[in-house]
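Data block below; observations after.
The values are calculated or read from the model by the stated rules, or taken from the named source; none is laboratory data. No experiment lies behind these values; they were computed from the predicted model shown. Cβ atoms come from the backbone with ideal geometry, glycine included; neighbour counts cover every protein chain shown. The accessibility values were calculated without ligands, DNA or RNA, using every heavy atom of the protein model including side chains. Shrake-Rupley method; radii C 1.70, N 1.55, O 1.52, S 1.80 Å.
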Amino acid sequence: MMNTGCEEFIGVPQEESLKQKEKLVQELNNYGWNTLGFATSFDLPPITDTIIRLNGSEICLEEFRLTSNWAAHEKWTPERLLKKYRNQKFKCGEDDDGYSVKIKMKYYYDYMRTNDDDSPLYVFDSSFGERHKTKKLLEDYEIPKFWEDDLFRYAEMKKRPPHRWIVFGPARSGTAIHIDPLGTSAWNALIHGHKRWVLIPPDAPKALVKPMKHEAGKHPDEAVTWFNTVYKRVRSSSWPKEYPIIECRQAPGEVMFVPAGWWHVVINESVTVAITQNLCSIANLHIVWPKTVRGRPKFSKHWFKRIKSERPELISIMEASEATPQDENSSSDSSSSSSSSDDSDSDSGNDDGVEKRMQVQRKRRHSQTISENKVACASKLGRSPERKQ
C-alpha cells in the first residue's frame, strides 16, 4: 500500500518504522481508496482505434523528428528513474487548499507496484525542469519540430503558465475528461507502457461528456469513473452522431496531439511514463490570447510586450481576437490531471482569485511536504485538482 507519510520514517529504527508504516496503511484504508474494488474488477473493453497515425520519418518537414533519438527511451524506465531519482520528490497531488503534495520517488515506486486503489495517485510534475536535481531530465527529450514555435516561449520562464509535465503512474490512474487551459493545444509523448485515449469534439456539451450526478460515486472526478460510466454511452449506438469520438491506444514512442478546445480523457492501462507539453501556436493564438487576458491579466501584459517586440506581425491577431465571443467550455473545464495536477487550474478561475492564489503559493512553496499524510488523504478524497495535459 501507499507510503504517503514516509518522510517521517527517515532515521527511525527499522522495527519502529515498520510499525508506523502499518499504522499509516490502516489510516489510508479507512479513507476508502479501494472501496469499489476496481483493482480486480475494472477492465477496459476492446478498443476500436479511430486515431489517424502518421509516420514521422516519412513526413516532409525539414529536420522533423519525433522520439526515436530520445535518450528518455533508455533512461526513463521505472527502474532507472528509481535508481537515479530515488530521493527526489515529485508532485503526486494537491491538498484541499490547492497546495502541492510531493513524494520521494522510492516511495512512489513502491506504491505503484503494490497499490490496489480504485484510482491511484498519479505523478504530474511541472517543476522538474526548474529543480537542480531533476532538471537533467530536460536533456533526455526534445520538443518535436512541429511544436517548437510555442509563442509562450517569448515570455520569461518564471512568468509563463506551467507548460511541461513529466507524468508517470500505475494502471487505473489517469486524467478525467477536460479541456486544456487557456485554449492551449498539447502533445504527449509516451515512453513506457500503454494509455487509452478518448477525444470528443469541442462543441459537445458538458452535461453530455461528464458523468451524471448519480454516477459520480466515490471518485467523481477520476478517469476510472468516466471509463466505467460515460465510456459505455460513448460506444453505444445512441451516442449523438454530431459528436463523433476519436479513441486510440497509445504505445511507447507514439506522440499524441490534442488540438485546442477538444475534450479528452486518458487512463493508464499499465505503469506508464510520459512527457507532455501545452503550447500556444499561431493556429490557436486567437483562442489563447483572450483567455489569457481574462485568466492571467498580469502575465498577459508582460506577454503582449514581448510578442510586440519579437513577433509584431501577431499583434493584429491578438487584438482582433478580443472582440470574438469565446466558448465557455474551455474556461470552466480546464484540467489535465484528475488525480494529480499542477498549477494551471488557476487559469480557469477569476482574475483576482488567480493572482491572490499565486501569491499564497509562492509564500508556502518551500514549506509543503508529504509527511503530513492526512493532507495527502484529504487531497485524494476531496476534489481532484484540475490543471495540464
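Assorted remarks:
- Residue (of A216, W187, A204) at the positive-pole extreme of segment 180-239, dipole from beta-carbon charges: A216
- Dipole of segment 94-196 computed with +1 at Lys/Arg Cβ and -1 at Asp/Glu Cβ about the Cα centre; of M112, T175, H132, farthest Cα towards the positive end is H132.
- In a reduced charge model with +1 at each Lys and Arg Cβ and -1 at each Asp and Glu Cβ, segment 120-200 shows a dipole moment near 280 debye about its Cα centre.
- Per-pair calculated FRET efficiency, R0 = 30 Å: T48 and D97 via Cβ, rounded to 0.05: 0.10
- Given K102/K195; K83/K136; K136/K195, the pairs whose alpha carbons are separated by over 20 Å: K102/K195; K136/K195
- Low-density loop positions, GluC sites (Glu not before Pro), segment 63-96 - DSSP coil, at most 10 other Cβ in 10 Å: E63
- In this structure E322 has an accessible area near 110 Å², from a 1.4 Å probe over the protein heavy atoms.
- Centroid-to-centroid separation of segment 92-131 and segment 155-204 [C-alpha atoms, Å]: 16
- Candidate residues W262, W289: accessible-area rank, largest first, probe 1.4 Å: W262, W289
- Pairs from the list K89/K158; K206/K241; K135/K210 with a Cα-Cα gap above 26 Å: K135/K210.
- 3J(HN,Hα) along segment 123-128, derived from phi through the Karplus expression 6.51 cos²θ - 1.76 cosθ + 1.60 where θ = phi - 60°, amounts to 6, 9, 10, 9, 9, 4 Hz, with x in place of Gly and Pro.
- For D149, solvent-accessible area (1.4 Å; no DNA, RNA or ligand), Å²: 50
- Ordered from largest to smallest accessible area (heavy atoms of protein chains, 1.4 Å probe), the residues S119, S100 come out as S100, S119.
- In whole angstrom, segment 108-150 maps to an equivalent ellipsoid with semi-axes of 29, 15, 9, each derived as √(5λ) from the alpha carbon gyration tensor and ordered largest first.
- Sequence-ordered 3J(HN,Hα) estimates for segment 144-153 from the Karplus curve with 6.51, -1.76 and 1.60 and θ = phi - 60° stand at x, 3, 4, 10, 6, 7, 7, 5, 5, 5 Hz, glycine and proline given as x.
- Per-residue extension of 0.36 nm, minus the Cα-Cα distance of I317 and K106, leaves a gain of 71.2 nm for this segment.
- Gyration tensor (alpha-carbon) shape descriptor, segment 261-314, a/c threshold 1.5: prolate
- As a calculated quantity, the FRET efficiency between K158 and S238 at R0 = 51 Å, using C-beta atoms, amounts to about 0.55.
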